[in-house]
Amino acid sequence: MTHPTDELAAYSIGALEEREAEIVAAHVRTCEECRAEVEAYQETAWRLAEAVAGEPPSRMRAAVVERARAARPVRGRTVLSGWAELFRRPIPAFVPAALVLALVVSLAAYAGSRRDADRFAAAVAGVASGRVVSLAPSAELAQARGVLVQPPNGAPYLILDIPAAPPGKTWEAWVIRGEQPIAAGLSDGSGVAILTLTIPLRSGDVVAITLERAGGTGLPTSNPVLTGKST
Amino acid sequence: MRSGPGSSTTPLHLVPDDERSDDERSIARIAAGDADALGELYDRYGRVVFGVVLRIVDSPEAAEEVAQDVFHAVWRRADTYRRERGSLKGWLLSISRNAAIDWRRTKGRHVATEETTDGAELIADMDVAESAVVNARAEGVRLAVAALPPETRQALALAYWMGLSQSEIAAKTGVPLGTVKSRIRSAMQRLRARLGDEEERW
């Protein structure tokens, strides 16, 4: 495999597009030579950081340690703490343009081969006129892709690229308002799928996808594989 | 191919203890739920994390909150850290920058700053912090950054402090993407060469 030498500096400071970064990350995992380059650039990035080091308030150390103790146990988290965690995870507030484009292109290609081509065409059109937010994948299902589209008129929907749900299971969409998850639609996944949300969104609502038993559930029982925040 | 801690196939917990760096030992203890180890990591890197976050969010109160969140994220995610994706410091720095940039985008009062600031300033006038004694090292960094051509420095600042991707920088500045890419690369290469040299003289 060719080495992504030219991309390593940008990769090291997080300046690559999401897709490019994934490709470089996959390479770096198995290539010691490139990893050494990345570490050298990371060291340079760290030197920049050191140059702005500052004295935090002295109470901070105890606060950090106390908060960690209170949050135990780290392992074997309950689903509930998984949900609490969801609210703390940084959610991208902007759309990596390349990701949206890639999804829309695959959506358009997919649409041609389907009976409900009209619906797909409408979904693609909505991307152009609506507000679009990318959904962040969790570490467990890093290959999952999704965007939330909020068209100017009509129901918000998700464009998803996730694996087919296993037998007896379904992907379920949630709108989380405050701390309350509200069931918002089902999809069996497999290839590119459109999932129209069954409830309207408010600004600041979090949208998430979890794997649930077929037919859906009233409350999420697994950690989200995709999350994003409506604007 | 050598084996040991650098090998991509060796899980961290299987690396013999005496071959691990302090950072690797710390993160393994943190992943095992040892809160004291988190305190020790804070002792080593708390000032850098706080400084980076403060530089980005531009408010001491917010910086305190965000820097605490950074260490809590380390606590919660320690078991997802993978040596083969890069150094612990690199990981910690990216968590810090992401958290601060995210805060700035969602809660920052100075949304306008992003539009009006010449990114170059943000990094060129890095304060040679208050205690000048400690800061020959910081001064070296400041000089190295100041020696970059202005447009190169600006591209670096937009990526590093604003968290923009190369395409976003191209869109924002109207500079072709290829040029942005070569500027970022050149900025990091020059700093790496210059700061690396200094390191050897130290």
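I'd like the FRET efficiency for B:Ser182 and B:Ala136, computed as 1/(1 + (r/R0)^6) with the beta carbon distance as r and R0 of 35 Å, rounded to 0.05.
Values: r = 31 Å, r/R0 = 0.89.
Computed FRET efficiency for B:Ser182 and B:Ala136: 0.65.
Can you quote the Å³ per residue value for the convex hull of the Cα atoms in the stretch A:130-229, rounded to an integer?
Values: hull volume 8.7 nm³, N = 100.
With only Cα atoms used, the stretch A:130-229 gives 87 Å³ per residue.
Over 32 Å between Cα atoms, which of A:Lys169/B:Lys107; A:Lys229/B:Lys172; A:Lys169/B:Lys89 qualify?
Result: A:Lys169/B:Lys107; A:Lys169/B:Lys89 exceed 32 Å.
With a point put 7 Å past each Cα toward its Cβ, work out how far B:Ala32 is from B:Arg85 in nm, to one decimal.
Spacing of the two 7 Å Cα→Cβ label points: 2.3 nm.
How do the peptides A:213-223, B:32-42, A:3-13 rank, highest first, by the average count of neighbouring beta carbon atoms within 10 Å per residue?
On the way: A:213-223: 14.3, B:32-42: 18.9, A:3-13: 21.0.
Going by the mean number of other Cβ atoms within 10 Å, highest first, we get A:3-13, B:32-42, A:213-223.
To the nearest 0.05, how large is the calculated FRET efficiency for A:Arg61 and A:Glu140 if R₀ is 45 Å and r is the Cβ-Cβ distance?
Numbers: r = 32 Å, r/R0 = 0.71.
That gives a FRET efficiency of 0.90.
Every read-out reported here was derived from the displayed coordinates using simple, explicitly stated rules and does not represent laboratory data. Owing to the predicted nature of the structure, the values given are computational and were not obtained by experimental measurement. All Cβ positions, even for glycine, are placed from backbone atoms using ideal geometry, and neighbour counts span all protein chains on display.
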